[in-house]
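Right, one structure below, let's go through it.
FYI, it's all coordinate maths here, none of it is from the lab. Keep in mind it's a predicted model, so treat the numbers as computed, not measured. Neighbour counts are summed over all protein chains in view; Cβ atoms, including those assigned to glycine, are modelled from backbone coordinates with ideal geometry.
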C-alpha cells in the first residue's frame with residue numbers, strides 16, 4: 001500500500017505579490033484594449049459622417065460650406081458659423097457656434113448629444129436649416 005503525501009505549498013509574500021501584480025496587469029491591458037477599440041469606433045464614426053457630408057461637393061459649395069475632419073471631430077464651416085460633431089465614447093456631441101459675435105472665436109449657440117452617425121447627420125442638417133432660413 002502506498003501512502004500519499006500531499007505537499008502543501010506555502011504561500012510567500014513574493015508569490016502573493018506576483019499573483020496580484022499579474023492580475024492588475026491583465027486588468028490594465030483589458031482596459032487599454034477597450035479604450036483602443038472605442039477610439040477606433042469613434043474614428044470610424046467620424047470618417048463615416050465626413051463621407052456623408054462630402055458626397056455632394058456642389059451642395060457644400062452652393063452654401064459656402066467647407067467640410068473638415070480632424071481625428072474625432074467633423075465640422076462644417078461657413079464664414080458666419082460652424083457646425084461640428086465630436087465623437088467620444090460611442091456618442092457624438094453636435095454643436096452650432098456663431099462666428100459673427102466674436103471674431104477669432106466661435107460662440108456656442110446650440111448643442112445636442114446623439115447616439116449614432118445618422119443622428120449626428122440629422123442634427124447637423126437641422127442646425128444648417130436653422131442658419132439658412
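Yes or no, residue by residue, for (1) in a helix (DSSP H, G or I); (2) surrounded by 13 or more Cβ atoms within 10 Å (Cβ to Cβ); (3) on the phi > 0 side of the Ramachandran plot; (4) more than 11 Å from the chain's Cα centre (by Cα):
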residue: 26; (1), (2), (3), (4): yes, no, no, yes
residue: 29; (1), (2), (3), (4): yes, no, no, yes
residue: 32; (1), (2), (3), (4): yes, no, no, yes
residue: 35; (1), (2), (3), (4): yes, no, no, no
residue: 42; (1), (2), (3), (4): yes, yes, no, no
residue: 48; (1), (2), (3), (4): yes, yes, no, yes
residue: 59; (1), (2), (3), (4): yes, no, no, yes
residue: 69; (1), (2), (3), (4): no, yes, no, yes
residue: 76; (1), (2), (3), (4): no, yes, no, yes
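For the stretch 69-79, a residue qualifies if it is in contact (Cβ under 8 Å) with a residue 12 or more places away in the chain and touching a strand residue (DSSP E or B) at 6+ places or on another chain (Cβ under 7 Å), and the qualifying residues are 72, 73, 74, 76, 77.
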